[in-house]
Amino acid sequence: MLFPSLPDLCDWRIRFSRRLAGPINGSDPDAISTERMRACNQQAGVRILFLLLVCTLVGYLTERTAYDHSQQTLREATQDAVTELRVEIERTLSNQSGRLRALAAYVRSKPDVNQTEFAEFAADLATESQTFTRNIALAKGLVVTHVYPIEPNKRAIGLDLRQHAQQWPGVAQTVQTNKVTLAGPLDLVQGGQGIIARIPIRLPDSPFQENRLWGLASIVLDVEAFLAHLDLAKYQDQLALTLSTAGSSDQGRTTFFRTGPVVDEPAVVTTAQLANATWILRAAPRSGWPTLSKYFAEIVIATALFFLVGLALICATLRYEVALIRLARENEQARQAAETASQSKSVFLANMSHELRTPLNAVLGYTEIMQKNMFGPLGDERYTRYVDDIHRSGLYLLDLLTDVLDLSRIEAGGRPLETACVPLSQVLEDVLTISRHAHSAITFDPADDLFVAADVRALKQVLINVTGNAIKHGNGAAIRITATHIDTHKAAIRVEDDGPGIPAEALPHVMEPFFTGAENQWTAKNRRHGTGIGLALSQRLVAAMEGRLSITSQQGKGTTVTIELPTCDGPDCTNTEVDPWPSNNAAVAI
């Protein structure tokens, strides 16, 4: 396919927009965004060139169509005017042929007609066209003998046509063809120019023959009066006209009438057939044929407006795409900054926890020695209480550091999990054994047929943390642990209690690190808030095992924590050895 289809173009446009707005994954967001900016500018340049091409093509085709229409309309109007003029010329000169035939018939019936009789008859003939008829004459023996009117045409009487070099070729043609002929415009002996229509007059030797030439009858039309009769002045403002003769053997000049400049091609040309002569009429607009249509200015303005609108849309699109690129660059820079800060924080917490664990272990070791009186009694009972307080505080601080270290390892990706097919009932029994040391009101529904894909130590740590929270915040409420199938690929572990519950405003935040705002009457009274790390750590461990941890609670009715994990085939791992203890001393979260 030479050109892409519209769906292909739309699909390409969507892909291009997504590529611009997509994330900038790279070590140098500025370089990548600069490359995208360059591509975006190139696309904008291509769009502008394409828009310019389309506008130019549309404007040209529109102007061409309008020009052809204007040219055709003007040519048709010129043709109509020329045709009207031709019809008037042919009609007027055809009337002269009829008058000549009437005069010839009169002379044949009265060969010896005198001047008076001729004048009376000619006066009747001249009535219809007296405005442009110069004279009516008879040339007996080819010598002018009768003329009407006689006064302005006395010089023509006695003219021997055979001796007149200019008129003789036309006279000879008339005699030879024995038909009406037309000659002129010619210079007249009495002055001025005229158009001469002639007809031969032959007298019969017998009733059935016409052999003997009597002479000629002629009608002379004054050229200026004839042209005035045609009312050519009405065309002079709009048209340049040229009237020429052709096909006449005694024409004085080719062109005998012209208005305006010389009519060149392409002109509207028509011919008037007049007896033996042909007159050619050429016409064109007086100001010349237009080179542009009359709507050229409007077309240019409309095309320019269309281009400006398209250019504005392209610029708006370019600004939008540049904004997307900048936004993507800023997002990538913010993401990299956040990752750098998170890694720095995690590294700092891990180092700090490691450095603090060493002296804490020493403190705990010495307090145990003092508690057991390995080197003798302490003496005062207050020393024993102080040592117990120091030991409990050290254990609490050690567990806190362990949780912080685990959380930072997970966020930094430094704690890989070893996923195996784990028998869920055995893991829950181990967790229950640990939890019942702190709270005896815990029930458990065994699920011997459930096997989940999980890291054993991470799963135990999660369950101990969740159960410990239920014990710590439940005010002695009953706790129930169940494990069930959700579908063929997932299992759910639910830890339910009927304690005070979590306030609705605190529920969305309970799994945020270091959040301790989920306070109820029991925790407020007994100051048992905790550190706020256990649930955040548990959620991340479950997510690392491709599961999901969710919490639902209603204040005054209790809380349910649901842990969803992928299941696996049990028979292949029924003998899996399960470590009864998690990787750290998570039982202290209770």
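A few comments on the model shown:
- Tallying residues that are in a loop (DSSP other than H, G, I, E, B) and either within 52 Å of the chain's Cα centre (by Cα) or at pLDDT 80 or above (or both) within region 233-259 yields 2.
- Tally of residues being modelled with pLDDT under 75 and in a loop (DSSP other than H, G, I, E, B) across region 377-417: 8
- From L227, L188, L213, residue being at pLDDT 80 or above, in contact with a helix residue (DSSP H, G or I) (Cβ under 8 Å, 6 or more places away or on another chain) and open to solvent by less than 40 Å² (accessible area, probe 1.4 Å): L188
- Within region 425-478, considering residues that are open to solvent by 40 Å² or more (accessible area, probe 1.4 Å) and aliphatic (A, V, I, L, M), the one modelled with the lowest pLDDT: A438
Rundown of residues vs (1) more than 45 Å from the chain's Cα centre (by Cα); (2) surrounded by fewer than 11 Cβ atoms within 10 Å (Cβ to Cβ); (3) under 28 Å from L541 (Cα atoms); (4) touching a residue at least 24 places away in the same chain (Cβ under 8 Å), yes/no style:
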| position | (1), (2), (3), (4) |
| --- | --- |
| R326 | no, no, no, yes |
| R329 | no, no, no, yes |
| K345 | yes, no, yes, yes |
| N351 | yes, no, yes, no |
| L356 | yes, no, yes, yes |
| L360 | yes, no, yes, yes |
| T367 | yes, no, no, yes |
| Y386 | yes, no, no, no |
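- Residue in region 159-167 that is buried (at least 16 other Cβ atoms within 10 Å of the Cβ), in contact (Cβ under 8 Å) with a residue 40 or more places away in the chain and either under 60 Å from the mean Cα position of the chain (by Cα) or not in a loop (DSSP other than H, G, I, E, B) (or both) present: yes
- Residue within region 315-324 that is crowded, with 17+ Cβ neighbours inside 10 Å, more than 23 Å from L49 (Cα to Cα) and in contact (Cβ under 8 Å) with a residue 12 or more places away in the chain present: yes
- When D30, D68 are checked against the criterion of being at pLDDT 50 or above, loosely packed, with under 12 Cβ neighbours inside 10 Å and not hydrophobic (A, V, I, L, M, F, W, C), a single residue qualifies: D68.
- Only one of the numbered conditions (1) more than 60 Å from the chain's Cα centre (by Cα); (2) in a helix (DSSP H, G or I); (3) in contact (Cβ under 8 Å) with a residue 40 or more places away in the chain; (4) buried (at least 16 other Cβ atoms within 10 Å of the Cβ) is violated by V82, and that is (1).
- Any chance A524 is of a type in the set (A, V, I, L, M, F, W, C) and at pLDDT 80 or above: no
- Any chance A267 is hydrophobic (A, V, I, L, M, F, W, C), touching a strand residue (DSSP E or B) at 6+ places or on another chain (Cβ under 6 Å) and at pLDDT below 80: no
- Whenever a residue of region 37-51 is on the phi < 0 side of the Ramachandran plot and assigned to a helix (DSSP H, G or I), its partners that are at pLDDT below 90 and not acidic (D, E), lying with C-beta atoms within less than 7 angstrom and at least six residues away or across chains, give the pairs M37/V322; M37/I325; C40/L20; C40/L318; C40/V322; C40/I325; A44/L318.
- Checking each residue in region 85-139 for being open to solvent by 20 Å² or more (accessible area, probe 1.4 Å), outside any helix (DSSP H, G or I), of a type outside the set (S, T, N, Q) and in contact with a helix residue (DSSP H, G or I) (Cβ under 9 Å, 6 or more places away or on another chain) picks out K110, E128, R134.
- Per-region count, region 277-287, residues surrounded by fewer than 18 Cβ atoms within 10 Å (Cβ to Cβ) and either among the aromatic types (F, W, Y) or farther than 12 Å from T78 by Cβ (or both): 3
- Pairing each residue of region 277-296 that is without any contact (Cβ under 8 Å) to a residue 40 or more places away in the chain with any residue that is open to solvent by 50 Å² or more (accessible area, probe 1.4 Å), provided the two are 6+ apart or on different chains, yields C-beta distances under 6 Å for T278/G247; T278/T271; I280/T271.
- Once region 480-511 is narrowed to residues that are exposed (fewer than 15 other Cβ atoms within 10 Å of the Cβ) and of a type in the set (V, I, T), the residue that is nearest to A543 (Cα to Cα) is I486.
The values are calculated or read from the model by the stated rules, or taken from the named source; none is laboratory data. Computed from a predicted model, the values in this text were never measured in an experiment. Cβ sites come from the backbone with ideal geometry, for glycine too, and all protein chains shown count toward neighbours. Side chains included, ligands, DNA and RNA excluded: accessible areas come from the protein's heavy atoms. Shrake-Rupley method; radii C 1.70, N 1.55, O 1.52, S 1.80 Å.
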